[in-house]
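Novice: Below: one structure in structure tokens.
Laboratory data are not the source of any read-out in this text; all were calculated from the coordinates shown. A quick note: this is a predicted structure, and the numbers were derived from the prediction, not measured. With ideal geometry, Cβ positions are generated from the backbone for all residues, glycine too; neighbour counts draw on all protein chains shown.
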Amino acid sequence: MDKTRRDFLKIAGLSALGLGAKPAADAFAQSAQGPKIAPIPEALKAKRWAMVVNLKKFKESGPDALQACVDACHTIHNVPKFDNPKDEVKWIWTESLAHALPNEEHHFLEEFVKEQMKGLPILVLCNHCDNPPCVRVCPTQATFRRLDGVVMMDYHRCIGCRYCMAGCPFGARSLNWRDPRPFIKTKLNREYPTRTRGVVEKCNFCDERLAKGLKPACVEACKNKEIIFGDLEDPKSEVRELLRANFAVRRKPQLGTQPQVYYIV
Amino acid sequence: MFENALRGSKGYWAWIILLLLVLGAGFANYLRQWVFGLGITGMSRDVSWGLYIGQFTFLVGVAASAVMLVLPYYLHDYKVFGKITILGEFVAIAAVTMCLSFIIVDLGRPDRAFNVLLYPSPNSVLFWDMIVLNGYLFLNLLVGWTVLGCEQRGAPPPKWIKPFIYLSIPWAISIHTVTAFLYAGLPGRGFWLTAIMAPRFLGSAFASGPSLLILLSFLLRRTTTFDPGREAIQALAKIVTYAMVVSCFFVACELFTVYYSQVPEHVSHFTYLFSGLHGKSGMVPLWWGVIIMGLLATILLIIPQTRNSDTILPIACALAFASLWIEKGIQLVVVGFIPNPMETVTQYAPTLPEMSITLGVWALGALILTLLYKVAVAVREQEPAGMSH
Ligand code: SF4
């Protein structure tokens, strides 16, 4: 064996033993000052992302606008469509007012819905709570809350224990009860990962689009500003203006999860 | 010591083979589930935990109930439990093993189970449950095996084992408390959101575990030369009686709060149990079965003449066990999801493969218990004359 090769092996061996620990040590040193994330110049940034769903606008636009939001989201995120309701996976869908806001139910709500909302249901999705129980219960941190308020899923870490599904008071989460890939009925979006069986998924406030400077897909699908998305911490943002000018409700606020999807009735 | 498990009568081997067959069938179905996913079960987006997690919850209670023997025997030197305590510890070992197996078969991605250790999350009750369950398994293996080994040599148990025995007492309480906290801390599930969950869990555990042990004692008395003693069985029967009465009381407390306050999120689940909700009533017959069997068992246990009868006591214990098994092993978990957060009703029924997997795990537990009991009984039969534990 010639010298250079021997030396090389020695160095390789050394680095495997000791020097190899250097990057790991660096990583720890870094995390002491907070993780370093390469900045994405084009990304949309906020202190606290929030969504305002304007039911008055949806009344003007009619049922097609609701469906457009659902379709936009489910297409872009490769959400499968199963025939058996047992296997269902959904990120954003419609519920009757009484089901979406069970605490507001009363005997004559139906009349109101008929008169004032043209009998339309309302959109429901993950509320990206400020105090999310799903994050609290997850035993692997596969679901976590970003500093800007987006509650995220790591499909590669989730073990499928479904504790988060029990913890979510809004029924926002779905498990892939079986392999979802054959059931993606829309055109496959190669920009977003498909999931495997056995992991949980839900609305992610389109974090992958925010990173590219785009608003969430459902917001973009709205022709008439039915859904507004923005920074709640910014007093000049559109969401703040809407909340100043209108009375808005949230789903099950009494549970203390601090949902960040607001509904203008 | 273990060689004793490999010698046995024809009946013994027939039983072992039967268990292996059930276990094999369960395993085959588990392989199907592994390939297909949890869609092979009756669980759904709305009812996302079912039979597996129910059995897990029930069996944590059975495991914890060993403390009802360990505590009087080791802490109060209650000699009557001398022969039977080891049986309780071995039930705990089998039950915890089943618990851990039920967790594994319930995972969507069992291949990633170790993520729980790789990314420890102290904010999750499931993380703590894993720690206390494994710790409890270890404690019972250590204590049971050491004590039995000494007995075989005719020696008293070593001193160093005592701290572990004492530790196992609060530890048993902890496993069931932590398991109750899995449920009792979730904001959106009215059925579980009650401070009496952990006490109720312990109450029903101390009824179901000892009643199983009484049944096993009768079985051992019939099939082997081993007899834990009438006095021990009667003492256990009193424990079951008190535990059943306390359990009934706790359920009554729950029902009072729910029905007197009439908060809809809490009432709706019980309406589903008692009479059905939105025209769906799949759980109603089972729930009435739970009530009738539970009350009947409690009455039979309270009356001294029936409790003292060697023919009626096993019946009362079987009724108590069945009642609590349905209540905790099925309904407690499933009905927490019915109605769902949108106040709509999706019902749940386990599928055949799901039941086969469940039976398979039970067969695994029964197998472990059989082997351990075989060893224990053999050691007792060889015991030096005059030596009582
Ligand atoms: S299913 Fe996945 S995301 Fe949900 S709690 Fe379990 S590991 Fe976390």
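Novice: Please compute the length gained on full extension between A:ASN189 and A:LYS56, using 0.36 nm multiplied by the number of residues separating them and subtracting their Cα-Cα distance.
Specialist: Separation in residues times 0.36 nm, less the Cα-Cα distance, equals 44.7 nm.
Novice: Using the Cα centre as the reference, give the magnitude of the dipole from point charges on the C-beta atoms of chain A (Lys, Arg: +1; Asp, Glu: -1; all else neutral), rounded to the nearest 20 debye.
Specialist: 900 debye
Novice: Sort B:GLU3, B:GLU265, B:GLU89, A:GLU241 by Cβ crowding within 10 Å, fewest neighbours at the top.
Specialist: B:GLU3, A:GLU241, B:GLU265, B:GLU89
Novice: Now, a different point. Structure shown: which of B:LYS83/B:LYS374; A:LYS90/A:LYS187; A:LYS86/A:LYS187; A:LYS225/A:LYS252 lie over 19 Å apart, alpha-carbon to alpha-carbon?
Specialist: A:LYS86/A:LYS187; A:LYS225/A:LYS252
Novice: May I ask you to compute the full-extension gain from A:ARG244 to A:LEU147, defined as 0.36 nm times their residue separation minus their alpha-carbon distance, rounded to one decimal in nm?
Specialist: Using 0.36 nm per residue and subtracting the Cα-Cα distance, I get 32.5 nm.
Novice: Using DSSP H assignments, which helices in chain B have an axial alpha-carbon span of 18 Å or above and a mean Kyte-Doolittle hydropathy of 0.0 or higher?
Specialist: Correct list, ordered by number: B:10-36, B:51-64, B:85-106, B:125-153, B:161-184, B:197-223, B:230-261, B:284-302, B:312-326, B:352-382.
Novice: Taking the number of other C-beta atoms within 10 Å as the exposure measure, put A:VAL150, A:VAL137 in order starting with the fewest.
Specialist: A:VAL150, A:VAL137
Novice: Between region B:256-282 and region A:106-163, what is the C-alpha centre distance in whole Å?
Specialist: Rounded to whole Å, the Cα centres lie 25 Å apart.
Novice: Can you give me the distance in nm between label points at B:TYR242 and B:THR225, each placed 7 Å from the Cα along the Cα-to-Cβ direction?
Specialist: Spacing of the two 7 Å Cα→Cβ label points: 3.5 nm.
Novice: In whole Å, what are the Cα extents of region B:251-389 along the three principal axes, biggest one first?
Specialist: 66, 41, 22
Novice: Sequence gap at least 6, Cα distance under 8 Å: using those rules, report the relative contact order of chain B to the nearest whole percent.
Specialist: That works out to 31 percent.
Novice: No partner Cβ under 4.7 angstrom, meaning no disulfide-compatible partner by this rule: which Cys of chain A qualify?
Specialist: A:CYS73, A:CYS129, A:CYS138, A:CYS158, A:CYS161, A:CYS168, A:CYS206, A:CYS222 - these cysteines have no disulfide-compatible partner (Cβ-Cβ under 4.7 Å) in chain A.
Novice: Here is a follow-up. Using R₀ = 45 Å, calculate the FRET efficiency as 1/(1 + (r/R₀)^6) where r is the Cβ-Cβ separation of A:ASP83 and A:ASP130; round to 0.05.
Specialist: The value I calculate is 0.75.
Novice: A follow-up question, please. Please report Rg over Rh for region A:111-265, where both radii come from the alpha carbon positions and Rh follows the Kirkwood definition.
Specialist: My calculation puts Rg/Rh at 0.97.
Novice: Starting from the Cα gyration tensor of chain B, take the square roots of the eigenvalues, sort them a ≥ b ≥ c, and report rounded, prolate or oblate (rounded when a/c is under 1.5, otherwise prolate if a/b is larger than b/c, else oblate).
Specialist: Prolate shape, in that a/c is at least 1.5 and a/b is the bigger ratio.
Novice: Now for a different question. Rounded to the nearest 0.05, what FRET efficiency do B:ALA195 and B:ARG7 give with R0 = 45 Å and r taken as the Cβ-Cβ distance? Could you check?
Specialist: Rounded to the nearest 0.05, the efficiency is 0.30.
Novice: Using a 7 Å offset from the Cα along the Cα-to-Cβ direction at both B:ASN308 and B:VAL267, what is the distance between the two label points in nm, to one decimal?
Specialist: 4.8 nm
Novice: Let me ask something additional. Would you compute, for the Cα atoms of the protein assembly as shown, the largest minus smallest coordinate along each principal axis and list the three values in descending order, in whole Å?
Specialist: 90, 89, 41
Novice: Could you give the Stokes-Einstein D for chain A in µm² per second, using the C-alpha Kirkwood radius, 10 °C, 1.306 mPa s?
Specialist: Translational diffusion coefficient: 76 µm²/s.
Novice: Also, quick follow-up: How would A:HIS77, B:HIS266 line up from fewest to most surrounding beta-carbon atoms within 10 angstrom?
Specialist: Ranking A:HIS77, B:HIS266 by Cβ neighbours within 10 Å, fewest first, gives B:HIS266, A:HIS77.
Novice: Report the calculated FRET efficiency for A:LEU214 and A:GLN258 (r = Cβ-Cβ distance, R0 = 30 Å), to the nearest 0.05.
Specialist: With a Förster radius of 30 Å, E is 0.70.
Novice: Can you give me the C-alpha center-to-center distance between region B:99-168 and region B:320-347, rounded to a whole angstrom?
Specialist: One Cα centre to the other: 28 Å.
Novice: Can you show me the helix-derived [θ] at 222 nm for the protein assembly as shown, built from DSSP H runs with n ≥ 4 at -39,500 (n - 2.57) apiece and divided by the number of residues, rounded to the nearest 500.
Specialist: Computed mean residue ellipticity for the protein assembly as shown: -17000 deg cm²/dmol.
Novice: Between region B:1-79 and region A:184-248, how many Å separate their Cα centres?
Specialist: 46 Å
Novice: Moving to a separate point now. How far apart, in nm, are two points set 7 Å out from the Cα along the Cα-to-Cβ line at B:LEU167 and at B:PHE249?
Specialist: 3.3 nm
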